[in-house]
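Reviewing the structure listed below.
The values are calculated or read from the model by the stated rules, or taken from the named source; none is laboratory data. As the structure is a computational prediction, the values presented were derived from the model and not from experiment. Reconstructed Cβ throughout: ideal geometry from the backbone, glycine too, with neighbour counts over all protein chains shown. Surface accessibility is based on the protein's heavy atoms, side chains included, excluding ligands, DNA and RNA. Shrake-Rupley method; radii C 1.70, N 1.55, O 1.52, S 1.80 Å.
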Amino acid sequence: MKPSRFIYHAPTQIEEVLDLLWEYGDEAKILAGGQSLMPMLNFRLLAPAHLIDINRVKALNQYSLSDSGLTISALARHRDLELSPEVELAYPILHEGLTNIAHVQIRNRGTICGSLAHADSAAELPSIMMALDGQMNVRSKSSRRIVPAGEFFRFHLTSDLDSTELLESVFIPSMKRNSVGAFDEVTRRKGDFALVGAAVVGTWSERGTIEDCRIVCSGVAPTPLRLLEAEELVSGTDLSEEVLVAVQQLVMESLEPTEDVHTSAQYRKKVTGVVVRRGLARLAEQRSVVNV
Amino acid sequence: MTQLSEVRDLEKTANLGTGMLRREDQRLLTGGGQFLDDLPFGDFYEAAILRSNYAHARILSIDTEAAKSLNGVIAVFTASELGPILKDLPPKVTNPKLNYQVRLPIVKEYARYIGEPVAVVVAENRYIAEDALELIEVEYEPLESVGSTAQALKEGAPPVHIGSETNVAVHLIQQAGDPEAALKSSPHVLRETLHVARGGGHSIEARAVAARFDGPTQQLIVWDNTQAPHYVRQMLATIYGVSEDEIRLIAPADIGGGFGPKAQFYGEEVLIPWIAMELNHPVKWIEDRWENFISATMERTQTHHVEVGFDDDGRLLVLKDVFEHDQGAYCVGLKVPTITMSTLPGPYVIPNIHSELISCYTNIVPTSSLRGAGRPQAVVAMERMMDRIAEHLGLEPAEVRRRNLIQPDQFPYAVGLTFRDGSPLTYDSGNYPALLDGVLERIDLAEFRAEQIEARKSGKFLGLGLAMFVEGTGIGPYEGARVRLTNTGRVMVSLAASPQGQGYETVYAQVAADAIGCDIDLVSVRHGDTSFIPYGQGTFASRITSTAGPAVWQASTQVKVDIIDVAASMLKIDSGELVIRGDRVEVGDDPEKGVSLAEIASIANVGRHGMSVARNQPVAIERTSYFKPSQAAYSSGISAIIVSVDVETGKIEILRSILGHDCGTVLNPLLVEGQVLGGHAHGIGNAIYEEAKYSKDGQPLTVSYLDYALPTAMEVPTPELFHVVSPSPLNPLGVKGSGEGGTVPLPASVANAVEDALRPFGARIREIPLTPDRVLAAIYGFQRDET
C-alpha cells in the first residue's frame, strides 16, 4: 500500500494549476483534501504520473454567502461549512448532509469540491447538490463553463470534468422563501457511505401545498438518481399520510437499484421508498415552521 | 521445594485486587508505543510479497528478471530459490483423523487462496519493492475453486488439494449418553440451521517481521510482533535445522493487539529471517492492511445444524449439533472447531449430547483462533435454541435457562465430552445461577414485557436477548516466569509470554510485589524476548493469568525465602524474625535492625571473590518457575441485550447491554474490565457488523475498511458490567481467563434480542452478522443469495 512513483507539484496560483493540468491532462490528478485520492493511490487503483497539490493556492481556500447564493471554492473543507452558523441557517439540508459525512477527522481535511469531483453516488453531497440545483464552476486554461449538478455526475466515480479541467468552485442558489429540505440515509456504521439515502427539497405554497419538489437518491445507481415520477406525484399535494404512503409505494415499485458488496438490490428497492417517505414527512413537519 | 502459599483473600494483599492503572498507558497514550515498525532498525532492506491473485491456480512459470533489474531492488526470491526452507508449517493442534495437507512458506506449484505468498522482493525501501512486484510476471493456469463450506462440500466439488478425494479436512464426533435414543423419546424436538460469518482480528499493527544475523555472536536475531515468541523460535529452529540457542526471538513491548491471528505461524516468518541470512543484510517486512485482509488468518465461518429435545417444563434431554467449519486452504490448527465441539453444552445439565464436526478446506485464507475461538458459534447454536424452547413452550427465556443450569454444589462437573486440551470436559468452578440473577436484578422482566407490548402499538419493536456461556481458559502445557534480585536491589520479573495490551507490566508487578512483600515500585516486568527465559508457550486462549500468574507467584515466593535467608545469615538472626518492608529486610519488632535488598544482592549475587559461603545461605537469588495446570479453568458469563429494531430499514439500536462475568479471583479489576470491554466491542462487531465476504469461487470482496464494517466507538454501546467471583481450585491464585469472555455471548444474545423484537412478524434469524439486509429479509421473507 505505497503509491507508485509520481512527480509532486505544489503551485500557489490558480493559473499555475491550470497550466499544469493543461500540460499533463490525463497523467495528472488534483490533490485537495486527499480523503479519497490518497487511499486510491496507496491501493494503486490510480497511478498518476503527476500530483498537483492545490493546498497552497490561497485563492481557492474560501467560501462566500450572498443574497444570491453560496459559492464554495475548491479548497473549502467540509468542516468549514459545517461549523458556519450562517450556512446552517441558509441551507439546513446542506448542514445536515455535512454532519453525515464520515468522521470529524475526515471532514477536517476533505473538501466539498473534491467530494463532488470524486462523484461517488453513495456520498452525501452529490445528491444534495442536485436537490439544491447547484452549479459547478469548471475552469481550464482555455475555457470556463458552468455545469448544472444534474449534468455533472456521469457514472460511478466519473464526473463531467475533462482531464484539463478544475472544479474551481460550486454555487448553490439561495433557497426560496418557504423552501424546506431534509436529508436521510441508512448506513452500516456512523459515517459510512449510504446503503440508500435521499435528499428532498420543496417549497410550501401559500395554499399549503408543496411545490417544486426535488427528490434525489444516493447509493442506488451509478450516479445520484432524481426520482421525477415521485416528484410529480407529490408536487402540489399537502404531503398527507396518503401521499407519503403512495410515494413510498411508487419508489419501491419503480426503482431498479444496483447491488454491491454492501447490500442487495432488493434491500435498496425496499428501503429507498422508506427514506424518501421519511424525508418528505420531515418536509411536512416543517410546514408550520415556515408560516404558511 | 518451597511450600506454595495461596492467595485467596485479596483483602490482605497490598496490591492484588486493586485497580492499578497500567504502567503501559503513559507511552501508549502519548504516542510513545514501541511497535515493531517503530524500532530504530537503521539500514534494513524492506521486503514486499507478491501474493497469488487466483483462488486456485497452478503456477507454470515466474519471470523475475524485470523486477530484479529495477533500480533499488536487491533480490527477488521464489520457491525455486528457497529450496532449503520449503518445509511444512504443521498445524498447531491436530488430530490423527485429519486429512493432512502440507502448507509451505511460499507457493511451490499450486496456489490455493488469494493472498498466498508467491515471491518476495527485497529492495532499498518498500516503495521500490512494491514497484518491483508489478514487474514480476507469473503465468498461472487457473483451476476451479470453492469459496464457501457449502461449495466445498457439494457433491463433485472441485478439490482444494488436487489428489485429495474430499474437501473434508476432519470429521469428528463426540457423544455423551445416548443422544439418538433421547431424540426419539423426547416429548419436544426443535431443529434449526444457524450460520455465523467470517471475520478478522484487525490488530492496530498488522503482522511484521525483521531479522538480522549477528556475526560476532553467530546468532540470528528475529523481531516478530507475535503472541508467542518461543513457539516461533521453536518453529524456526526446526525448519532451519539449528539449535534453539542460535535464534533469539524478540516480540516488541507493544505489538498493537494480537486477538489470535498473531499466535499462528506463517510462511512470512520463515521467509524473512532466511532471506536476511541469505543476503547477509538485515531485512524487515511490515504487513500492510491490504495484505492483512487477504493473508492473516481469520475465523468464525460455521454452519450449525442443531437439534434439541426437551420435556414439557423445558428441561433439556438431548442436544445434537452437526456443524460445518471452514478450515480455509490449509489446516493451521484444529483448535477452533474442537473448542466449538466442547463449548456447546454451556452451563446446562444435558444428559445426552451429540457434537459432530465436519471441517472442510476452501480456497480462502486459512482460519485459526480469533478472540472467542470457536465459542461464539457454539453459543449461537445452544443459546438460540434455548430461546426457541422458551418460545415453543410460552415461557420466559430466562426461566428456561434457570431450570437447566448446573448448580454451584455440582462442581467439579463432568460434562461427558473432551476439551481441546485433551482433558475430560470438567468444569472446575462457577456460579451460573448468580450470573442469571445478576441480570434479573438489573432488568425487571415483567416491566420490560409490558413496555415491549406498549411500544409495538407505536410501531417500535423492542427485544430482549440473553446468552450464557462457559469458556475453557488457562490451558497447558505450561507457562514460565523468572524472578531475580538485581544488583540495585530491584526485582526483575521476566515472562516468556508477550502481551498485546493485557497489562502484564502492571499485573505481574502486583503479583510479585505481594508474593515478596516489597514495594511494588521496585518490581520491573519485561517480556517477549527468548533470551530472558528459556521456555514458554505464548499469550493466547485466555491462558496467561492462570499459568504465568501462578509461575510468577511461585518464583516470587521462592525468591522471598532466599532474600530472607540471606538477610538472616547477614544479621545472624533467625529468619522467622524477619520481614520484608519497602526495599529492606527488617527484624519484625526492631525495624532499626535490617539490611537493604541491594546489600542482600551484593552478598548473595556478587559475593566475595573466591570465598566460601555459609551452608544455609542462598546464593544467586534468581528463581525460574514453570506452572503446569492440570486442566483448563472454566470462566463463565452472561450477556443481556435490549434492542430496538427499525423494521423499515433493518437497523438495530442497542438500548442496553449488560455483561456478567466470572473469571475467578480478580487480580486487577481495571485490567479485567478493560479485557471484558474490549471483548464486548469485538462481540458487537461479530453480531452486527463484521463480515469477510467472498465470491462463490473465493475472491475476497471486503479488503478495506470501506467494505469491511469494523465497528468504531460510535457503534459500541458501553455495557453495564458485573462480576461473580468463583475462584478456581486449579491454581494458587484462583484465577481464570478474562480476555475473550466479553466476545463469546454477544452474537447469540444480539440475535436472540432481535428475534424477540421481531416476534410479531414470526421472523427467523439464521445468519450472523445481523446486517440491515438480513434483518429485513427475515421480516419480509425476501430471498437473499447466500453462498
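Odds and ends about this structure:
- Over the range B:1-117, the alpha carbon radius of gyration divided by the compact-protein estimate 2.2 N^0.38 Å works out to 1.84.
- Share of pairwise Cα separations in the range B:86-137, more than 16 Å, in percent: 58 percent
- The range B:498-597: trypsin sites (Lys or Arg not before Pro) in DSSP coil with no more than 13 other Cβ atoms inside 10 Å: B:K572
- Neighbour net charge for B:A176 - beta-carbon separation under 13 angstrom, K R +1, D E -1: -3
- Once the Cα-Cα distance is subtracted from the 0.36 nm per residue extended length, the B:K628 to B:L677 segment shows a gain of 14.8 nm.
- Cα-based Kirkwood hydrodynamic radius, the range A:59-173, one decimal, Å: 14.0 Å
- Cα centroid of the range B:614-678 to Cα centroid of the range B:394-434, whole Å: 18 Å
- A:A119 sits among other residues whose Cβ lies under 10 Å from its own Cβ, and their net charge, with Lys and Arg +1 and Asp and Glu -1, is -1.
- Shielding by partners - mean other protein chain Cβ count within 10 Å, residues of B:649-660: 2
- All C-alpha pair distances within chain B, sorted into 10 Å bins from zero, spread as 3, 13, 22, 24, 19, 12, 6, 2, 0, 0 percent across the bins.
- A:V290/A:E241 FRET efficiency (R0 22 Å; Cβ-Cβ; nearest 0.05): 0.65
- With DNA, RNA and ligands ignored, accessible area of B:H682 (1.4 Å probe; Å², nearest 10): 20 Å²
- Whole-Å distance, taken between Cα centres, linking the range A:169-196 and the range A:33-70: 21 Å
- Local electrostatic count at B:A390 - Lys and Arg +1, Asp and Glu -1, tallied over other residues with Cβ under 12 Å: -2
- Stokes-Einstein diffusion for the range B:351-396, with the hydrodynamic radius set to the Kirkwood value over Cα pairs and evaluated at 25 °C in a medium of 0.890 mPa s, equals 182 µm²/s.
- Once both labels are positioned 7 Å from their Cα atoms along Cα-to-Cβ, the gap between B:V242 and A:L157 label points is 4.5 nm.
- Those residues of the range A:129-155 whose amide nitrogen sits under 20 Å from the label point placed on A:Q13, 7 Å along Cα→Cβ: A:139-144
- With the simple model of a label 7 Å out from the Cα in the direction of the Cβ, A:D53 to B:S164 spans 5.0 nm.
- Three-way shape label, the protein assembly as shown, alpha-carbon gyration tensor, a/c 1.5: prolate
- Interface size A-B, as summed buried accessible area [1.4 Å probe, Å², nearest 100]: 2700 Å²
- The trypsin sites (Lys or Arg not before Pro) of the range A:202-259 that meet both conditions, a loop assignment by DSSP and at most 13 other Cβ atoms within 10 Å of the site Cβ, are A:R207.
- Contour excess over end-to-end distance, with Cα ends at B:A450 and B:R289 and 0.36 nm allotted per residue: 53.2 nm
- Taken residue by residue and averaged, Cβ atoms of other chains lying within 10 Å of the Cβ of A:183-191 number 4.
- Estimated FRET transfer efficiency when R0 is 60 angstrom, pair A:S142-B:L70 (beta carbons, to 0.05): 0.95
- Enclosing the Cα atoms of the range A:7-53 in their convex hull gives a volume equal to 63 cubic angstrom per residue.
- Once all protein chains are placed together, B:V507 keeps about 10 Å² accessible to a 1.4 angstrom probe.
- Loop GluC sites (Glu not before Pro), the range B:157-193, which have at most 14 other Cβ atoms in a 10 Å radius of their Cβ (DSSP): B:E165
- Rounded, prolate or oblate (a/c below 1.5 giving rounded, otherwise prolate when a/b exceeds b/c) for the range A:137-221 by Cα gyration tensor: oblate
- Given +1 at the Cβ of Lys and Arg, -1 at the Cβ of Asp and Glu and no other charges, the dipole of the range A:59-173 around its Cα centre is 400 debye to the nearest 20.
- Per residue accessible area of the protein assembly as shown, 1.4 Å probe, in Å²: 37 Å²
- Between B:L655 and B:T193, the contour length at 0.36 nm per residue exceeds the alpha carbon distance by 163.5 nm.
- Packing-based ranking, highest mean first, of B:743-749, B:115-121 given that Cβ atoms within 10 Å are counted: B:743-749, B:115-121
- Calculated FRET value between B:D88 and A:D26, using beta carbons and R₀ = 51 Å, to 0.05: 0.55
- Average projected area [Cα convex hull, the range A:179-285], square nanometres: 6.3 nm²
- The protein assembly as shown - mean residue ellipticity at 222 nm from DSSP helices (-39,500 (n - 2.57) per run, n ≥ 4, rounded to 500): -8000 deg cm²/dmol
- Centre separation in Å (Cα based) which lies between the range B:538-604 and the range B:177-230: 39 Å
- Placing pseudo-labels 7 Å out from each Cα toward the beta carbon at B:V613 and B:A598 gives an inter-label distance of 2.1 nm.
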